[in-house]
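Colleague: There's a structure below that I have some questions on.
The values are calculated or read from the model by the stated rules, or taken from the named source; none is laboratory data. Being a predicted model, the structure only gives us computed values, none of them experimental. Please note: Cβ atoms are built from the backbone with ideal geometry, for glycine as well, and neighbour counts cover all protein chains shown.
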């Protein structure tokens, strides 16, 4: 099974657009809330990255699900792709409901301890109250995206991303400024945008895909779900830990002041674009390789251990900045460079050990 660069790009572009959708929603919120006030802009940074860290748990599971679907597709066992998809869909729906309830019950206690400013804390809670509703749509969306990428039918993902942005921008303007809902309006618009993209992909699957060929019937198989979960657990933890340091970074910046937090939000929004490009190619590569040879989980464990070590060093550095120095914002930004350098260094040692 050989793929040309053109084929890889045609498969990757819709994937990149669908991942970019989540980042564009956060960027759009930041742009509109920047006209409301520093508190709202800064609060959207903390709340947005807090939501994104939780979202990455579902994203990580969807990577394992995608690998399983792609493997069955590569084996031409098409009916198993549909059965595998539904196990992932059931799990992600349950996880979305659990995390939605967890955000409403536990988050206020956690954030109260971490955030110094009472104004920012209240704004963060207002945002999360509505933004968490989006999990009920974004997680099923991830399941459908994993299935479509796994069978290399990715064109609809571009349309889903476009619909999300087209819903989010006018709704942000209407709810934030016309209805004067402020940061709550931004959260409502974002959740409705995710609902729109999910509905579009669901409609596409129902109309365009051969349901008989792919075995698209809701069937629960506990043993199959356990197999998917065993494969996905490391990618879930890996995805969560890749974003969690950003949340701790913003909490640290919040201690410096509202203006510094607002500036950091804009900086992160711009830098996230490069993350999207790299991540989309990683997902596409994983899918194409799985279509050809299947997948294993041993290396994922090693990658996770590397990232835990890196994150621990990063947190020690961040704690030192907060506790023992009066560092300006520019020094805090070096923490992100330290994180990237540590990951790169550990990757080099790992590859050298494997004689690459």
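Colleague: Among the residues in the range 53-64, are any in a helix (DSSP H, G or I) and farther than 25 Å from residue 95 by Cα?
Modeller: Checking the range 53-64: not a single residue is in a helix (DSSP H, G or I) and farther than 25 Å from residue 95 by Cα.
Colleague: Please verify whether residue 16 is in a helix (DSSP H, G or I), under 18 Å from residue 172 (Cα atoms), at pLDDT below 85 and touching a helix residue (DSSP H, G or I) at 6+ places or on another chain (Cβ under 7 Å), treating the condition exactly as stated.
Modeller: No, not satisfied.
Conditions tested, residue by residue: (1) modelled with pLDDT under 85; (2) more than 22 Å from the chain's Cα centre (by Cα); (3) outside any helix (DSSP H, G or I).
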site: 211; (1), (2), (3): no, yes, yes
site: 214; (1), (2), (3): no, yes, yes
site: 240; (1), (2), (3): yes, no, no
site: 261; (1), (2), (3): yes, no, no
site: 283; (1), (2), (3): yes, no, no
site: 291; (1), (2), (3): yes, yes, no
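Colleague: Right, something else. Do we find a residue being under 25 Å from residue 233 (Cβ atoms), out of contact with any strand residue (DSSP E or B) (no Cβ under 8 Å at 6 or more places or on another chain) and surrounded by 24 or more Cβ atoms within 10 Å (Cβ to Cβ) anywhere in the range 159-169?
Modeller: no
Colleague: Under 7 Å between Cβ atoms, at least 6 apart or on separate chains: pull out the pairs that start in the range 116-127 with a residue that is loosely packed, with under 15 Cβ neighbours inside 10 Å and end on any residue that is in a helix (DSSP H, G or I).
Modeller: Cβ pairs passing all conditions: 116/254.
Colleague: Taking residue 56 as meeting all but one of (1) in contact with a helix residue (DSSP H, G or I) (Cβ under 8 Å, 6 or more places away or on another chain); (2) over 14 Å from residue 152 (Cα atoms); (3) modelled with pLDDT of 90 or more, write down the number of the exception.
Modeller: (3)
Colleague: Quick test for you: out of 48, 64, pick the one residue that is crowded, with 24+ Cβ neighbours inside 10 Å, closer than 17 Å to residue 134 by Cα and at pLDDT below 90.
Modeller: Working: 64 fails: closer than 17 Å to residue 134 by Cα.
Just one listed residue meets the conditions, 48.
Colleague: Oh, and also: Being in contact with a helix residue (DSSP H, G or I) (Cβ under 6 Å, 6 or more places away or on another chain) and either surrounded by fewer than 24 Cβ atoms within 10 Å (Cβ to Cβ) or at pLDDT 90 or above (or both) narrows it down to one of 96, 43, 70, so name that one.
Modeller: Exactly one of 96, 43, 70 is in contact with a helix residue (DSSP H, G or I) (Cβ under 6 Å, 6 or more places away or on another chain) and either surrounded by fewer than 24 Cβ atoms within 10 Å (Cβ to Cβ) or at pLDDT 90 or above (or both), namely 96.
Colleague: What are the residue pairs meeting all of these: first residue in the range 241-270, first residue surrounded by fewer than 19 Cβ atoms within 10 Å (Cβ to Cβ), second residue modelled with pLDDT of 70 or more and not in a helix (DSSP H, G or I), Cβ atoms under 6 Å, and 6 or more apart or on different chains?
Modeller: Within 6 Å, the pairs are 255/116.
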